[in-house]
Amino acid sequence: MPNIKVDWNQVSREVAKLGEDIFQKRIKGATDDALDFLKKVEKDVIKLNLQLTAGQITKEEFDDLMSDQKALAKMEALKQKGLTQVAIDQFVNGAIDILVSAAISAIP
Amino acid sequence: MAIDWSDIYSRKVRSDHRRCPQPPACQLKYSIKQPEPSSASQSGLNEVVSVHSTPSLPPRFWMLVSEPLRGLLLAVFLLASCSNIAFYDQAAYANAVDTKVQTLALMNLAVNPYSSQSAEIAGVNLQMQKAYEYDRGRPMNQTTLQMWDVLLKTDPEHPDEGLWPRFLERWRKSGTLSPVFISDKKEHLATAFDAIIALESGKNRS
């Protein structure tokens, strides 16, 4: 039986570091995107109210444009969901690389 | 701190052997056999470790892979089967960008009567359908498809969805649209397309 040594502490350290890098980046990206989106919605709603008051758009058009905001919020949420799925895949692929490297280096 | 797995493994094998020197063949147990004088002694082996398992499994196969490596391989196989979302696709990205450009260009024409632009409208609708169908055919692409649904599909339960058909319907009913309304709508449609494009460009490269 060959003398096989796997440094599990090193493996867990590397996996933890990988998760920290990927998910911290994702959380920051999601937070920045959400803040940008909210600022954009705020500006848009103010603009639409001004246009309605000035008679540049009808009440019907205003309602239609306000409905768009809900749809855009859904789109933004779906985008964030998708990018989080991407981050999970990056973590899984990175963890596989670490495990494979550990397995190869364990072979004497 | 490194763990000497082979030492732990050897101790377990010896301990199992002490407890059950000749285990029944149906039980998965390790044992230590003394080599037969004719074969093992010639190869210089002092002891041979074998596995008594179900007859269908070759007894020596798993011995090629040590116990910690087995754990690692199992973890790798489990993780490898857990992909969440499709990889980046250049054609899907190009479809989304082309559709966005064509859609915004068509919206500029909404100051003209709807009936006079029917050929252009049909062309853009066809382009959207192609982009949608392309993304629909990709595996693990549900999130992008849901985004296309919000953009393209009307749903009575969600009247705020279907950004594009709602615009076309208003254009058709009104005949022409005001430049201010068109400009506002263009911003919204551009934001919706940008979300699809951003997700596609953010996907992992295979």
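Throughout, read-outs are computed from the coordinates displayed, never taken from laboratory work. In this text, all values refer to a predicted model and were calculated from it rather than measured experimentally. Every residue, glycine among them, receives a Cβ derived from its backbone with ideal geometry; neighbour counts consider all protein chains shown.
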**Study point:** Neighbouring partner chain Cβ atoms per residue of B:85-93, average, 10 Å criterion
**Key:** 2
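Can you work out the FRET efficiency for the pair B:VAL101 and A:LYS5, with r the C-beta to C-beta distance and R0 = 45 Å, to the nearest 0.05?
0.20
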Practice item. Please determine, in degrees from 0 to 90 and to the nearest 10, the orientation of helix A:59-106 with respect to the longest principal axis defined by the Cα atoms of chain A, where the helix direction is its Cα long axis. Key: 10 degrees
**Study point:** Members of A:LYS59/B:LYS130; A:LYS81/B:LYS100; A:LYS25/B:LYS153 lying beyond 28 Å, as alpha-carbon distances in this model show
**Key:** A:LYS59/B:LYS130; A:LYS25/B:LYS153
Review point. In segment A:59-101, which GluC sites (Glu not before Pro) are in a loop and have at most 14 other Cβ atoms within 10 Å, using DSSP for the loop call?
Key: none
Exercise for review: Give me the net charge of B:LEU109's neighbourhood, meaning all other residues with Cβ under 12 Å from the Cβ of B:LEU109; Lys, Arg count +1, Asp, Glu -1.
Suggested key: 0
**Study point:** Highest-first arrangement of B:117-124, B:144-151, where packing means the average Cβ count within 10 Å
**Key:** B:144-151, B:117-124
Review point. Assigning unit charges at the beta carbon (Lys, Arg +1; Asp, Glu -1) and nothing else, what dipole magnitude in debye, to the nearest 20, does segment B:90-202 show about its Cα centre?
Key: 300 debye
Review point. Considering the dipole of chain A built from charges on the beta carbon (Lys and Arg +1, Asp and Glu -1) around the Cα centre, which of A:LEU72, A:SER105, A:LEU48 is farthest to its positive end?
Key: A:SER105
Review point. Going by average Cβ neighbours within 10 Å, how do the peptides A:88-94, B:169-175 rank, with the highest at the top?
Key: A:88-94, B:169-175
